[in-house]
Amino acid sequence: MVGSRGFPLVRSSLALTFVLTMAEVLNLIGSASFPALLPEFRSLWSLTNSEAGWISGIYHVGYISAVPLLVSLTDRLDARRIYLFASAVGALSHFGFGFLAEGFWSALGLRALGGIGLAGTYMVGLRLLSDRVTGPKASRSISIYTAHFAIGTALSVLLAGEAARFGGWPSAFYLAGAACLSACLMVGLLIRPIKREKLAAIVPLTKLLDPRPLVGNRPAFGYILGYGGHVWELFGVRSWLVAFLVAAVAFQDLAGEGWSATRLATLLFMLGLPASFLGNELALRFGRRRVIIGAMGAAAALSLLVGYLVGSSPMLLLPILGLYVFLLNVDSGALTAGVVECADPGRKGATMAFHSLMGFAAGSVSPLVFGLMLDWGALWDEPTWAWGLAFSSLALGPLLGILALVLTAHSLRLAPR
C-alpha cells in the first residue's frame with residue numbers, strides 16, 4: 001500500500017519499529033544540546049550552577065506540563081496526528097533557541113517549549129508503535145524503542161559538541177530543528193493512519209485525565225513509581241555528565257592530550273542501548289521486579305561513590321563511570337514494557353501518560369537538586385566534596401523506586417510479567 005504522495009506505508013512489525021525508532025532518535029537530537037554545551041553557556045551568560053540546573057530541568061517541566069493531555073488524547077485520537085504536531089513544535093523550539101536565546105530567561109522559555117515537543121513524540125510514539133505492533137513481538141519492539149532513547153541522547157551530546165565546535169553554539173540547535181522536521185516527514189509519509197473507531201476504546205473526554213483508575217491499577221502503579229525513581233537518577237546524570245567530565249579532564253590536565261568531554265559522554269551514553277535491551281531480556285527470563293530492583297540497588301550504590309572520583313585517574317574513573325551509566329539503563333525498557341502490559345486497554349494512553357509524567361516530573365527536579373548540591377558543596381572550596389554530594393543526591397530516586405516496587409510486590413506477582 002502507498003500513501004497519498006506515492007510513499008510506501010510500512011506495515012510489518014520490524015519496519016514499523018525501525019521507522020518509529022529512527023524518528024524517535026531524530027526528535028531527541030536537541031534533547032541534550034543545552035547540557036552538552038553547559039560549560040560554554042555558564043561562561044557566556046554568567047550562569048550560576050543553580051541557573052544552569054533550571055535551564056536543564058525546565059525542558060522536563062515543559063514535558064510534564066504537556067504529556068498528560070497529549071498522551072491521554074491517544075485514547076481518543078490516532079497518535080500519529082499528535083506526533084506530527086509535536087515534531088513541528090520541537091523544530092520550532094530548537095530553531096528559536098538558535099536564533100533568539102541570549103540569556104537565562106529566553107533560554108528557559110525556549111527549552112520549555114522543546115520539552116512540550118518531546119511530550120508529544122516520545123511516549124506518543126510508543127503508543128503509536130503499540131497500537132500497530134501487538135502480541136509476542138510487542139515487548140521486544142517496546143524494548144528496542146525505549147533503548148534508543150539512550151542513542152538519541154548520546155547523539156544529541158555528540159552532535160551538539162561537534163556542531164558548536166565548527167559553527168558556534170547556534171549550529172547545534174539548527175541541526176536539532178532540522179532533525180525534528182525530518183522525523184515529522186518520516187512519520188507522516190511512512191506510517192499509516194488508524195481510524196478513530198478502530199482504537200481499542202474511546203474514553204469519555206471528561207474522564208480522560210482522571211488518575212483514580214490508574215492509581216487503582218496497582219501492578220501498573222508500581223512500575224510507574226519505579227520509573228519515577230529511575231528517571232530521577234538518569235536525567236540527573238544526563239544533565240550534568242558533560243560538566244562532570246570537563247571537571248575530571250581539568251583535574252588531570254588532559255585537555256591538551258585530545259580528551260573531549262562531549263565525546264566521552266557520547267560513548268558512555270551509547271551504553272544505554274545494550275543495557276536497556278539486555279535488561280528487558282533478563283526481565284523476561286528472571287522476572288521484571290527482580291531485575292529492576294537489582295539494577296536500581298547497584299546504580300544507587302555507585303551514585304554514592306562516583307562523584308568522589310572526579311580527581312581520580314581516568315583508568316579508574318572511566319570504567320566505574322561506564323558501569324554506572326550501564327546500570328542506570330538496565331531497568332528502562334523493563335519498566336516501560338511492564339506498564340504497557342499491565343495497562344487497561346481502554347486507558348492505555350492515560351496510563352502511559354501518567355507513567356511518563358511521573359518519570360519526567362522526577363527528571364525535571366533532579367538536575368536542579370544536583371546543581372544546588374554542587375553550589376552548596378562548593379562553599380567549602382573542595383570540588384571533590386561538591387561533586388560527591390551532587391551525585392549522592394541521585395541515589396534518592398532508585399531507593400524510593402525500590403521501595404515502591406517492594407510495596408506493590410503482591411500485586412506485581414499477580415500481574416503479567
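The values are calculated or read from the model by the stated rules, or taken from the named source; none is laboratory data. Just so it is clear, the model here is predicted, and its values are computed rather than measured. Because the Cβ atoms are built from the backbone with ideal geometry, glycine has one as well, and the counts that use them run over all protein chains shown.
Taking (1) more than 30 Å from PHE41 (Cβ to Cβ); (2) at pLDDT below 95; (3) in a helix (DSSP H, G or I) in turn, LEU77 satisfies each apart from (3). Looking at SER171, is it among the hydroxyl-bearing types (Ser, Thr, Tyr), surrounded by fewer than 24 Cβ atoms within 10 Å (Cβ to Cβ) and assigned to a helix (DSSP H, G or I)? So SER171 fits the description; yes.
The set of residues from segment 333-354 being in contact with a Leu (Cβ under 8 Å, 6 or more places away or on another chain), within 11 Å of LEU126 (Cβ to Cβ) and not hydrophobic (A, V, I, L, M, F, W, C) comprises THR336, GLY349. So, of the residues in segment 260-297 that are crowded, with 17+ Cβ neighbours inside 10 Å and in a loop (DSSP other than H, G, I, E, B), which turns out to be modelled with the lowest pLDDT? The selected residue is SER260. Of SER31, SER50, SER46, all but one fail to be outside any helix (DSSP H, G or I) and surrounded by fewer than 24 Cβ atoms within 10 Å (Cβ to Cβ); the exception is SER46.
Taken over segment 221-237, residues that are closer than 16 Å to SER303 by Cβ and among the aromatic types (Phe, Trp, Tyr) amount to 2. The listed residues are LEU77, LEU20, LEU100, LEU108, and the only one of them that is surrounded by fewer than 20 Cβ atoms within 10 Å (Cβ to Cβ), in contact with a helix residue (DSSP H, G or I) (Cβ under 7 Å, 6 or more places away or on another chain), in contact (Cβ under 8 Å) with a residue 24 or more places away in the chain and over 29 Å from LEU394 (Cβ atoms) turns out to be LEU77.
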